[in-house]
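Below you'll find the structure, written out as structure tokens, and then a few comments.
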Amino acid sequence: MKKILIFTYMDITRDPRAHRQIKWLKENYTVHCVCESPDPSYGITYTKYKNESSIFSKLKMFYLKFGFFNKYTWNKNHVELANELSKIKFDLIIAHHIKLLPIAVKISKGAKIILDAHEFYTEIYADSFIWRFFMKKYYYWLSNTFLKKCDLIITVNESLKQFYEKEFHISTSFISNAVDFSDMLPSKTNANNIKIIHHGQASRSRKIELMIEMMKYMDTRFTLTLIITVHGIPSKIYLKKLKNAAKGYSNIKFAKTLPYKEIVPYGNKFDIGLFFMPPVNINEEFSTGNKVYQYIQSRLMLAFSPLPEMKKIVDDYDLGVCSDDYNPKSLAVKLNKLTAEKIDYFKSQSHKHAKTLSSEMNKEKFISLIEKVIEN
């Protein structure tokens, strides 16, 4: 059997794209995974990815300001990891972040390489001054040096596919972030208690405070539950800021975070899945995160800002409403006009299209791409 390396720096249970690929590939290939924290239930072999301490990593960013890109890339952990992986012969390496490509190239020994580009990396945090000051040139160096060494790039939607093809002239395809199908029915909407949910990461780029502001304009039928995950100190500081902003709102509450597998069934108790974000950078403007598809599997009505890729899903399948602009009041106005019957209609639309918009639609396409790359 051909041997494939799934290469991520995350806890594998928090990287749903990598998780799905393992599940699909292990049927016909020998799969090895590099990740921060493994899941033994997958029945594959693992190598641990050791992340540097946050403080040390931030101090090293000064290397980047002076163009010492290789010195920044090849820290002690990366050198040790490359040495360990070089002992294994792979037929294909699928890297789940551009920062992993230098290691993938180093250990490839003739293996084909795919970058699963979750983002358009040269603009990943372009709204952040610190990122532009320290990291932007590094991501251009990674892109210009290593993308041409890939046999294929996979992105999360058609828009990002076009960005990669236009800027880097490399073979690119896309696999959506659709999650696994869940067999459940929509819950019945209570006309006097309409429950909105938003779940996601505490990232300043996502402007979660705008969803809090939206609740200022909502009538008394609506409540908002926020489930916000944090990773690192800046994320924790931002969550604290959000909780302070929500003080005084009787219609907002924060719920505890849940394991990834529990998000969809928990969401089924709600009525509306909310995601209101302005286009602060290219990645946010053209994003289609996991939560879009999780809301659908939870059988919720969708309520989004008019980000083009997300709006296309809402409009094409008639799953809910999008605001006319990026003012949270404009979405509140649309939601206030809804009846319980109309919300139930949109929830029934999510139910109708749940199979079509599940990960099952991606499996055949993904396997076909893998076979072509390996056999080419």
**Prompt:** What number goes with the only condition from (1) farther than 28 Å from residue 13 by Cα; (2) touching a Cys at 6+ places or on another chain (Cβ under 9 Å) that residue 307 does not pass?
**Reply:** (1)
**Pairs where the first residue, in the stretch 56-67, is free of Cβ contacts under 8 Å to residues at least 40 places away in the same chain and the second is among the basic types (Lys, Arg), C-beta under 6 Å, 6+ apart** = 63/71
**Message:** I'd like to check something: does the stretch 200-207 contain any residue that is surrounded by fewer than 19 Cβ atoms within 10 Å (Cβ to Cβ), more than 20 Å from residue 263 (Cβ to Cβ) and free of Cβ contacts under 8 Å to residues at least 40 places away in the same chain?
**Reply:** no
**Prompt:** residue 330 versus (1) touching an Asp or Glu at 6+ places or on another chain (Cβ under 6 Å); (2) in contact (Cβ under 8 Å) with a residue 24 or more places away in the chain; (3) of a type outside the set (Phe, Trp, Tyr): which is the lone unmet condition?
**Reply:** (2)
**Request:** State whether one or more residues within the stretch 264-282 are assigned to a loop (DSSP other than H, G, I, E, B) and either without any contact (Cβ under 8 Å) to a residue 40 or more places away in the chain or hydroxyl-bearing (Ser, Thr, Tyr) (or both).
**Result:** no
**Those residues of the stretch 4-43 which are under 22 Å from residue 89 (Cβ atoms), among the small types (Gly, Ala, Ser) and more than 16 Å from the chain's Cα centre (by Cα), in sequence order** = 43
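Okay, residues lined up against (1) β-branched (Val, Ile, Thr); (2) touching a helix residue (DSSP H, G or I) at 6+ places or on another chain (Cβ under 6 Å):
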| residue | (1), (2) |
| --- | --- |
| 86 | no, yes |
| 92 | no, yes |
| 95 | no, yes |
| 101 | no, yes |
| 110 | no, no |
| 113 | yes, yes |
| 117 | no, no |
| 122 | yes, yes |
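Values quoted throughout were computed directly from the atomic coordinates according to the rules given, and no laboratory measurement underlies them. These figures come from a predicted structure and were not determined experimentally. All Cβ positions, glycine included, derive from the backbone under ideal geometry; neighbour counts span all protein chains shown.
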